[in-house]
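*Asks:* Take this structure, written in structure tokens, and hold onto it; I'll ask about it next.
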Amino acid sequence: MNSRKLPRKKNLSAMKMLGMQVACARRAASLTQRELAARLMIEEETIASIEQGRRPLKPDLSEEMDRLLGTKGLLAVGVANLPDIDQFPLYAEQYMAHEREAISLSWYDALVVPGLLQNEPYIRALLGGRVPPYDADELETKVAARLERQEILHRKVPPTLSFVVWEPALLMPIGGRETHLGQLRSLREYSELPGLAFQILPLNRTSHAGDAGPFTLLETPDHQHLAYTESQRGSQWVSDPDEVSILTRKYAMLRTQALTIEDSRSLLDRLLGEQ
């Protein structure tokens, strides 16, 4: 299994500086972004994202670039020594970078509303209840970052989005009655967005393909299939094709166990009417 806990997030300005070094070395080798991408057998957009500091340069790719560009280990050393900052772990920054560019995303959640569908009062209540608590500045940073991620829902060409949520996540009144009601209304509105499928896995099902915990599947613009799992002990990227395939099959089963899109909207309507 090629899944692992990753170190803390790397400083974004340092990532941009490293990206500039990649661009400089590429030009010194008289290669275009397309030519370098072809030699590395990756998409041209991936090279562009790395050079602009929008996507982190991975250790294995940095070593391959060093070989092709004749940089004698410079890029690999740069990746290994990017400075750490405390706000977000690297695995989260990598996930958000892929999420911004994803062409499709499938998300299963069990105890809370998926982050992309959370409204601001719900986010504040959820993050404000963390143990141990965030300090005020850190809380504001994380609320703003989560709201910013939701821009992909409204971009000109949004990704294809599928959400399956276990019913308990919709019953827990996080933040109190008004916050809970507001979040349910937001979900009902999101459920009508084109290209977005929202399904509820009801409590009365006798089988549950997602009982091992939440996970997300995404497809990148260069058609790489990745997964991201969460637990009490941290989050993990899963890139091994066999492990991604297992999670993909679990998600397919979850969709069959969940209510239809239409019945899920009806359940949201009933939950709103009962409050």
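*Asks:* Only helices at least 18 Å long along their axis, Cα-based, and averaging 0.0 or more on Kyte-Doolittle count here, so list those DSSP H runs from the chain.
*Replies:* 12-28
*Asks:* Another question, if that's okay. Cut-off is 10 Å between beta-carbons; in what order do K58, K72 appear when sorted fewest neighbours first?
*Replies:* Placing the least packed residue first, the sequence is K72, K58.
*Asks:* I want the local charge near I123. Using Cβ-Cβ distances under 10 Å, sum +1 for each Lys or Arg and -1 for each Asp or Glu among the other residues.
*Replies:* Every neighbour counted, the sum reads +2.
*Asks:* Ranking E51, E274 by Cβ neighbours within 10 Å, fewest first, what do you get? If you can, show how the numbers build up before the last one.
*Replies:* Numbers: E51 21, E274 6.
So the residues, fewest neighbours to most, are E274, E51.
*Asks:* Report the full-extension gain for the segment L111 to C24: residue separation times 0.36 nm, less the Cα-Cα distance, to one decimal in nm. Walk me through the intermediate numbers first.
*Replies:* Working: separation 87, 0.36 × 87 = 31.32 nm, distance 4.67 nm.
Separation in residues times 0.36 nm, less the Cα-Cα distance, equals 26.6 nm.
*Asks:* Can I ask one more? Determine the relative contact order of the chain: mean sequence separation of Cα pairs under 8 Å and six or more apart, normalised by residue count, in whole percent. Show your work: numbers first, answer last.
*Replies:* Details: 405 pairs, mean separation 60.0, N = 275.
Reported relative contact order: 22 percent.
*Asks:* Name all residues of segment 14-53 having a backbone nitrogen under 15 Å from the label point set 7 Å from the Cα of E151 along its Cα→Cβ direction, giving them as ranges.
*Replies:* Residues 53 qualify, since their backbone N sits under 15 Å from the label point.
*Asks:* Evaluate the charge dipole of the chain about its Cα centre and quote only its size in Debye, nearest 20, assuming +1 on the Cβ of each Lys and Arg and -1 on the Cβ of each Asp and Glu.
*Replies:* 300 debye
*Asks:* Given N residues in the chain, what is its alpha carbon radius of gyration divided by 2.2 N^0.38 Å?
*Replies:* Details: Rg = 20.5 Å, N = 275, 2.2 N^0.38 = 18.6 Å.
So the Cα radius of gyration is 1.10 times the expected 2.2 N^0.38 Å.
*Asks:* Which shape class applies to segment 101-212: rounded if a/c is under 1.5, otherwise prolate when a/b exceeds b/c and oblate if not, where a ≥ b ≥ c are the square roots of the Cα gyration tensor eigenvalues?
*Replies:* oblate
*Asks:* Taking a ≥ b ≥ c as the square roots of the Cα gyration tensor eigenvalues, with a/c under 1.5 meaning rounded and otherwise prolate when a/b beats b/c, else oblate, which class fits segment 146-225?
*Replies:* Note, shape of segment 146-225 comes out oblate.
*Asks:* Here's something else I'd like to know. Full extension from A14 to I261: what is 0.36 nm times the residue separation minus their Cα-Cα distance, to one decimal in nm?
*Replies:* Here the answer is 84.5 nm.
*Asks:* Would you kindly state how much longer the chain becomes between K72 and E178 on full extension, computed as 0.36 nm times their sequence separation minus their alpha carbon distance, in nm to one decimal?
*Replies:* The span from K72 to E178 would gain 32.2 nm if fully extended.
*Asks:* Still on this structure, I have one more. Using a Cα distance threshold of under 18 Å, what count of lysine pairs results for the chain when pairs must be 8 or more residues apart or interchain?
*Replies:* Step by step, the pairs that qualify in the chain add up to 7.
Every read-out reported here was derived from the displayed coordinates using simple, explicitly stated rules and does not represent laboratory data. Bear in mind that the values here come from a model prediction, so they are computed numbers and not experimental data. Note that each Cβ is placed from the backbone with ideal geometry, even for glycine, and that neighbours are counted across all protein chains shown.
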